[in-house]
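All remarks here apply to the structure that follows.
Each value in this text was obtained by applying a stated rule to the coordinates, not by laboratory testing. All values reported here derive from a predicted model rather than from experimental measurement. Neighbour counts are summed over all protein chains in view; Cβ atoms, including those assigned to glycine, are modelled from backbone coordinates with ideal geometry.
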Amino acid sequence: MEQEVYLPLFETKAAKGRVAYKLYSFTVFVGIFLIWVFRASHLPPAETERGRRWGWIGLTMAELWFSFYWFLTQFARWNPVYRSTFKRRLSQRYEKELPGVDVFVCTADPTIEPPIMVVNTVLSVMAYDYPPEKLAVYLSDDAGSELTFYALLEASRFAKHWLPFCKKFKVEPRSPAAYFSTVDRDDQEPLGDRLSVKKIYEEMRDRIDIATRLAQIPSDIRNEHKGFHEWDSVSSVRDHPAILQILIDGRETEVVGIENHDKLPTLVYLSREKRPHCHHNFKAGAMNALIRVSSKISNGPIILNVDCDVYSNNSESVRDAMCFFMDENKGHEIAYVQYPQSYNNLTRNDLHGILLRVINEVRHSLCAWTGYNNFLTFSCKSLFGIGLKICFGLFPVYFHLLVYFYGQ
Ligand SMILES: O=c1ccn([C@@H]2O[C@H](COP(=O)(O)OP(=O)(O)O[C@H]3O[C@H](CO)[C@@H](O)[C@H](O)[C@H]3O)[C@@H](O)[C@H]2O)c(=O)[nH]1
Ligand SMILES: [Mn+2]
């Protein structure tokens, strides 16, 4: 009888040159050790003049700092591995059983984080290559800004053009601003389609920009959508009840894009309750509010979190994460997957994207500490033996059941 071969959904490969690196690292370690032997055996005698004594102390502190820094970097460089995912296998085995994913986007200030940037991030995650009925996007607005709500309303309408366009022509990246700024490339989609979507995008962008500049929402839109009434009772950003608006409800069957009847993911606006006696000024508190709200709407078992200034540059990211979570052999060991961050425009003349590569390398080696290079994934085991793991920072995907965010 033919034996069934197990094909994993992701694989791990050790980076090349690890032995050479360990040898090199060992020689540096010997060097550091000898420095300390020298320092310990050459303490300045009591009669040393003051200037020389301070020189000795200064040098010793510098060496101490270097040694500490060097030991820290070794955690990140000792054991680098690369993980790759097999999304086709995932699709073949589990396309119909893919779990629901709730995407949380956080914003806190319409001046520092302009609404047009926020909605570009929102549109990039709405356009994930994932079944739309299983995707829900929540925007948490800690500024409780009508302007951000207005921008999201505009985005919910533009999504009817943007999502079918992305899916039809498989465009990347799926933040419209980022995509249209690289539009000179030799793309496969027909110019006519691109230009007409670009025009609709630019009209929306201009409306949002004007409203933001004037701090005023067009009266026709204000009258048209009942959601704006929520602000009638808001006297201050720091003192208001929760504002919740479902702009697109994926549970309704008739929610479709303009073209070829694509379904759209759920889209929700939330500004959590604020009271002056509570210090709720942190992202963690917003995330906890999002968990409570999403559990009553879409209740996806998987949560993905992005900051509003970081659009998704890969429409398959969610599927990548699923390859880790749904792997038959190792999936149960993984609590969350974290993506490395890429930066654009760090300097005006970074023509060849050098900074981007260097920073990615640094982040990748950070990931190597946990044994994961291109993704950070963490096992559910360990830490007090109760399956608790702590996650800091950027773009994590979690299991819903496991998370609590520390902060208000
Ligand atoms: O009261 C607040 C304050 C901030 N935020 C949002 O939290 C995110 C991060 O805040 P930011 O001030 O931009 O901090 P950064 O240093 O840029 O963010 C990094 O550091 C944070 C704290 O460790 C992490 O949570 C972030 O994921 C990581 O990008 C942003 O989307 C904010 O809109 C809120 O939702 N509510
Ligand atoms: Mn930020």
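List of remarks:
- Ascending count of other beta-carbon atoms within 10 Å, so fewest first, for His240, His279: His279, His240
- Val103 long-range amide H proximity, modeled H, under 5 Å: Ala136, Val137, Tyr138, Leu304
- Residue-by-residue Karplus 3J(HN,Hα) for the stretch 212-217, coefficients 6.51, -1.76, 1.60, Hz, glycine and proline x: 5, 5, 7, 6, 8, 9
- Multiplying the residue separation of Glu252 and His229 by 0.36 nm and removing their Cα-Cα distance gives an extension gain of 5.9 nm.
- Cα-based equivalent ellipsoid of the stretch 72-195: semi-axis lengths in Å, sorted from largest, via gyration tensor: 27, 23, 18
- Taken one residue at a time, the phi angles of the stretch 314-326 give Karplus couplings (6.51, -1.76, 1.60, θ = phi - 60°) of 8, 6, 9, 3, 5, 5, 4, 4, 5, 4, 6, 5, 9 Hz. Gly and Pro are set to x.
- Spacing of the modelled spin labels on Ser41 and Glu4, each 7 Å from Cα toward Cβ, amounts to 6.6 nm.
- For the stretch 230-319, alpha-carbon Rg relative to the globular expectation (2.2 N^0.38 Å, N residues): 1.31
- Around the amide H of Ala335, modelled in the peptide plane, lie the amide H atoms of Phe378, Ser379, Cys380, all under 5 Å away and 5 or more residues distant in sequence or on another chain.
- Remark: relative contact order (the stretch 1-133) = 45 percent; criterion is Cα-Cα distance under 8 angstrom and separation of 6 or more residues.
- Stretching the chain fully between Ala62 and Ala242 yields a gain of 59.6 nm (0.36 nm per residue, less the alpha carbon separation).
- Mean separation of Cα contacts under 8 Å, 6 or more apart, over the residue count of the stretch 88-238: relative contact order %: 26 percent
- Our estimate of slack between Leu72 and Arg275, defined as 0.36 nm per intervening residue step minus the Cα-Cα distance, is 68.9 nm.
- Over all directions, the projected convex hull of the C-alpha atoms in the stretch 1-146 averages 19.2 nm² in area.
- Ranking of Glu49, Glu273 by count of other Cβ atoms within 10 Å, fewest first: Glu49, Glu273
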